[in-house]
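To start, the structure itself, in structure tokens.
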Amino acid sequence: MKTVFTTEKRFTLVERVIDQIREAIGSGSLEPGDRLVEKDIAEGMQIGRNAVREAFRYLEKEGFVTITPFKGARVTLQSKKKIQQMFEVMSGLEGMCARLAIRKMTQENCEKIESLHADLETYYQKNEPEKYLKTNYAFHDLIQKLAENDVLDQVVNELRQKILLYRRKQLFKPNRFDASMEEHRLIIAAFRKRDPDEAELRMRQHLIRQGESLMEEDTDE
């Protein structure tokens with residue numbers, strides 16, 4: 001029993017580190033290229049350095065962290081080409097989510113989507129991009145869940161984590177906040193018409209334009 005408890009406890013600590021680093025990357029607190037100091041993280045979380053080291057290795061497999069021998073770990077700095085490719089793939093996946101969601105749409109779920117869209121409009125009018133981003137995440141996540149496809153859900157979740165930081169950064173590009181809101185209005189219009197073809201198209205366009213807006217970012221080729 002003692003061995004099992006130790007293993008479970010250790011795994012939980014590793015998960016805590018993983019979750020905190022992912023959240024920091026997604027919120028923009030950690031930027032691509034930022035150094036991750038094992039000692040500082042361990043002391044800050046009051047845990048052993050082995051758990052932090054193990055978390056780094058896991059995050060490296062996911063593509064969030066790059067570990068260089070004798071130099072330590074850094075938040076992965078993606079190339080422009082890789083960022084563009086991620087958004088291209090995500091556009092197809094989220095477009096499929098929109099199509100499937102409409103096919104299975106109930107009135108109750110339609111009202112949930114409408115409510116989130118109304119919140120987006122509110123935060124846009126008040127010029128509150130951080131609240132807009134949180135609601136935007138909930139909006140896309142809801143459509144993903146309404147698609148009711150476990151395989152699609154798993155694939156989207158994995159990629160969503162990787163592009164979360166870049167989705168945040170694109171909203172602060174010139175004129176992008178306005179464009180994002182207009183794209184959401186087109187998406188919700190397609191949902192109101194219960195048109196799966198248009199919903200898929202509008203969602204795909206939305207993700208493609210997010211990626212395009214980032215092509216001027218200073219990332220290494």
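Quick test of your reading of the structure: G26 fulfils all but one of (1) at pLDDT below 90; (2) open to solvent by 60 Å² or more (accessible area, probe 1.4 Å); (3) in a helix (DSSP H, G or I). Name the failing condition by number.
(2)
Of all residues in region 142-156, which are in contact with an Asp or Glu (Cβ under 8 Å, 6 or more places away or on another chain) and open to solvent by less than 40 Å² (accessible area, probe 1.4 Å)? I'd like the intermediate steps shown before the answer.
First, the residues of region 142-156 that are in contact with an Asp or Glu (Cβ under 8 Å, 6 or more places away or on another chain): 143-145, 147, 156.
Residues satisfying the conditions are I143, Q144, A147, V156.
Please enumerate the residues belonging to region 187-213 that are buried (at least 17 other Cβ atoms within 10 Å of the Cβ), over 17 Å from E88 (Cα atoms) and without any contact (Cβ under 8 Å) to a residue 60 or more places away in the chain.
E198
Do any residues in region 121-141 that are crowded, with 16+ Cβ neighbours inside 10 Å have Cβ atoms under 9 Å from those of residues that are in a helix (DSSP H, G or I) and acidic (D, E), where the two are at least six apart or on different chains, and which pairs are they?
As it stands, the answer is Y123/E130; Y124/D178; Y132/D119; T135/D119; F139/D119; H140/E94, since those pairs meet every condition given.
Got at least one residue in region 206-220 being at pLDDT 95 or above and touching a Leu at 6+ places or on another chain (Cβ under 6 Å)?
There is no residue in region 206-220 that is at pLDDT 95 or above and touching a Leu at 6+ places or on another chain (Cβ under 6 Å).
Out of everything in region 50-65 that is of a type outside the set (F, W, Y) and touching a strand residue (DSSP E or B) at 6+ places or on another chain (Cβ under 6 Å), what residue ends up being surrounded by the fewest Cβ atoms within 10 Å (Cβ to Cβ)?
E60
Run down E200, E158 and say which single residue is out of contact with any helix residue (DSSP H, G or I) (no Cβ under 7 Å at 6 or more places or on another chain), of a type in the set (D, E, K, R) and within 25 Å of Q84 (Cβ to Cβ).
Answer to the selection: E158.
Could you check region 66-101 and list, in sequence order, the residues that are more than 16 Å from the chain's Cα centre (by Cα) and open to solvent by less than 70 Å² (accessible area, probe 1.4 Å)?
T66, I67, T68, G72, A73, S79, K80, A98, R99, L100, A101 - these are the residues of region 66-101 that are more than 16 Å from the chain's Cα centre (by Cα) and open to solvent by less than 70 Å² (accessible area, probe 1.4 Å).
Restricting to helices (runs of 4 or more DSSP H) lying wholly in region 150-221: which have 3 or more residues that are small (G, A, S)?
Once the helices (runs of 4 or more DSSP H) in region 150-221 are filtered for at least 3 residues that are small (G, A, S), what remains is 176-192, 196-213.
The values are calculated or read from the model by the stated rules, or taken from the named source; none is laboratory data. This is a predicted model, so every value here is computed, not measured. Every residue, glycine among them, receives a Cβ derived from its backbone with ideal geometry; neighbour counts consider all protein chains shown. Heads up: the accessible areas ignore ligands, DNA and RNA and are worked out on the full protein's heavy atoms, side chains in. Shrake-Rupley method; radii C 1.70, N 1.55, O 1.52, S 1.80 Å.
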